[in-house]
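S.K.: Quick one: the structure is below, questions incoming.
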Amino acid sequence: CIKILDMTDIKQREKCLKEVKLLQSLDHPNIIRYLDSFIENNDLYIAVEWAEKGDLKLIIKRAIQEDSHLEEFKVWEYISQMAEALAHMHEKRIMHRDLKPANIFIDSDGVLKLGDLGLGRAMSS
């Protein structure tokens, strides 16, 4: 997956570069994996792991439209995986600061991946 961010604004540029730095520092099976990044024409391109099943917001919306629901065991599995991802981030002294279904992704194997660290922040010592 490639995320494209406009870097013409100085504050936006700092935020974009911070997101890349945070992604590079995290290596965990429940966090979207950083692959590469480059800048072209004032745009930052960030290549990250693709989560084939989409985000949790879409999955919940689809279940509602189909008059269905997520099975309880799957919800508990997602909660456990989210806790693992957050624990890893906190061990690295990083806060996500934007947890919501749209920033929680599911890959083809059904594994939860926490993503979008645009508002993430390294905790001070």
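S.K.: (1) of a type outside the set (Lys, Arg); (2) within 18 Å of Ile106 (Cβ to Cβ); (3) touching a residue at least 40 places away in the same chain (Cβ under 8 Å): which one isn't true of Leu23, the others all being true?
M.R.: Going through the list (1) of a type outside the set (Lys, Arg); (2) within 18 Å of Ile106 (Cβ to Cβ); (3) touching a residue at least 40 places away in the same chain (Cβ under 8 Å), Leu23 breaks only (2).
S.K.: Within the set of pairs 6+ apart or on separate chains, which have a first residue in the stretch 68-88 that is over 26 Å from Leu23 (Cβ atoms), a second that is part of a helix (DSSP H, G or I) and of a type in the set (Gly, Ala, Ser), and C-beta atoms under 9 Å apart?
M.R.: The qualifying pairs are His69/Ala63; Leu70/Ala63.
S.K.: Restricting attention to the stretch 72-93, which residues are within 28 Å of Gln24 (Cβ to Cβ), of a type in the set (Asp, Glu) and surrounded by fewer than 12 Cβ atoms within 10 Å (Cβ to Cβ)? Can you show your working first?
M.R.: First, pick out the residues of the stretch 72-93 that are within 28 Å of Gln24 (Cβ to Cβ): 77-93.
Still in the list and also of a type in the set (Asp, Glu): 77, 84, 91.
Glu91 - this is the single residue of the stretch 72-93 that is within 28 Å of Gln24 (Cβ to Cβ), of a type in the set (Asp, Glu) and surrounded by fewer than 12 Cβ atoms within 10 Å (Cβ to Cβ).
S.K.: What tally of residues in the stretch 24-73 results from selecting those that are outside any loop (DSSP other than H, G, I, E, B), acidic (Asp, Glu) and either more than 20 Å from the chain's Cα centre (by Cα) or farther than 22 Å from Met7 by Cα (or both)? Write out each step before concluding.
M.R.: Step one: filter the stretch 24-73 for residues outside any loop (DSSP other than H, G, I, E, B), giving 24, 31, 34-40, 43-48, 54-65, 72-73.
Filter once more, so that each one left must be acidic (Asp, Glu): 36, 40, 43, 55, 72.
Then keep just the ones that are either more than 20 Å from the chain's Cα centre (by Cα) or farther than 22 Å from Met7 by Cα (or both); that gives 40, 55, 72.
Here the count works out to 3.
S.K.: Tell me yes or no: at least one residue of the stretch 76-84 is touching a Phe, Trp or Tyr at 6+ places or on another chain (Cβ under 9 Å) and either closer than 28 Å to Ser124 by Cα or in a helix (DSSP H, G or I) (or both). Can you show your working first?
M.R.: Within the stretch 76-84, the first condition is being touching a Phe, Trp or Tyr at 6+ places or on another chain (Cβ under 9 Å), and the residues that meet it are none.
Looking for residues that are touching a Phe, Trp or Tyr at 6+ places or on another chain (Cβ under 9 Å) and either closer than 28 Å to Ser124 by Cα or in a helix (DSSP H, G or I) (or both), one finds none in the stretch 76-84, hence no.
S.K.: Report, by residue number, each residue of the stretch 62-118 that is polar (S, T, N, Q), within 19 Å of Leu35 (Cα to Cα) and at pLDDT below 95. Let's see the steps before the verdict.
M.R.: The initial filter retains those residues of the stretch 62-118 that are polar (S, T, N, Q), namely 65, 68, 80-81, 103, 108.
The next check asks that each one be within 19 Å of Leu35 (Cα to Cα); those that pass are 103, 108.
Of everything in the stretch 62-118, just one residue is polar (S, T, N, Q), within 19 Å of Leu35 (Cα to Cα) and at pLDDT below 95, namely Asn103.
S.K.: Then there's this: Here are the criteria: (1) surrounded by 13 or more Cβ atoms within 10 Å (Cβ to Cβ); (2) at positive phi. Tell me which single one Asn42 does not satisfy.
M.R.: Against the list (1) surrounded by 13 or more Cβ atoms within 10 Å (Cβ to Cβ); (2) at positive phi, Asn42 comes up short only on (1).
S.K.: Looking at (1) surrounded by 15 or more Cβ atoms within 10 Å (Cβ to Cβ); (2) out of contact with any Lys or Arg (no Cβ under 8 Å at 6 or more places or on another chain), which is the only condition Ile59 fails?
M.R.: Failed condition: (2).
The values are calculated or read from the model by the stated rules, or taken from the named source; none is laboratory data. None of the values given here were measured: they were computed from a predicted structure. FYI the Cβ positions are ideal-geometry reconstructions off the backbone, even for glycines, and counts take in every protein chain you see.
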